[in-house]
Amino acid sequence: MWVILESRAGRKSLRKLRREILERYEKWKDIVQISGPNGLRVIKGFHDEALQGKWFGHRSSRLNIQYRIIYRIVKNELLVEVIEINAHTY
């Protein structure tokens, strides 16, 4: 079982989200807690991917076409830290 930590910025961003995005986030958490980040890669709708540049070492998952979760895996342990949930800008 994986543990999910939410950073201060992550918790703060949750307060601003619509209910449908929060529900999708709860499903994301359920998958991560049971299967870890590998479980996200199996479900194509999350488009889980490694990030580059400024966010190197972090990963991103889609909650919908606009919103993303930025997280990192802490030392390959059973710990996932949610850094930020934001609207993706193009």
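The values are calculated or read from the model by the stated rules, or taken from the named source; none is laboratory data. Computed from a prediction, not measured in an experiment: that's the story for all the values here. Backbone-built Cβ (ideal geometry, glycine too); neighbour counts: all protein chains shown.
Being surrounded by fewer than 16 Cβ atoms within 10 Å (Cβ to Cβ) and part of a helix (DSSP H, G or I), is that true of even one residue in segment 68-79?
First, pick out the residues of segment 68-79 that are surrounded by fewer than 16 Cβ atoms within 10 Å (Cβ to Cβ): 74-79.
Within this subset, residues satisfying the condition of being part of a helix (DSSP H, G or I) are none.
Scanning segment 68-79, I find no residue that is surrounded by fewer than 16 Cβ atoms within 10 Å (Cβ to Cβ) and part of a helix (DSSP H, G or I), so the answer is no.
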Give me the pairs: first residue in segment 18-40 and more than 14 Å from ILE4 (Cβ to Cβ), second residue buried (at least 16 other Cβ atoms within 10 Å of the Cβ) and hydrophobic (A, V, I, L, M, F, W, C), beta-carbon distance under 6 Å, and six or more apart or on different chains, which are they?
ILE21/LEU63; ARG24/LEU63
Within segment 49-71, is even one residue in contact with an Asp or Glu (Cβ under 7 Å, 6 or more places away or on another chain), over 13 Å from ILE85 (Cβ atoms) and at pLDDT below 90?
no
Residue ID - farthest from GLU6 (Cα to Cα), chosen from residues in segment 41-73 that are among the aliphatic types (A, V, I, L, M) and touching a residue at least 24 places away in the same chain (Cβ under 8 Å):
LEU63
Which one is surrounded by the most Cβ atoms within 10 Å (Cβ to Cβ), of the residues in segment 1-17 that are free of Cβ contacts under 8 Å to residues at least 60 places away in the same chain and not in a helix (DSSP H, G or I)?
LYS16
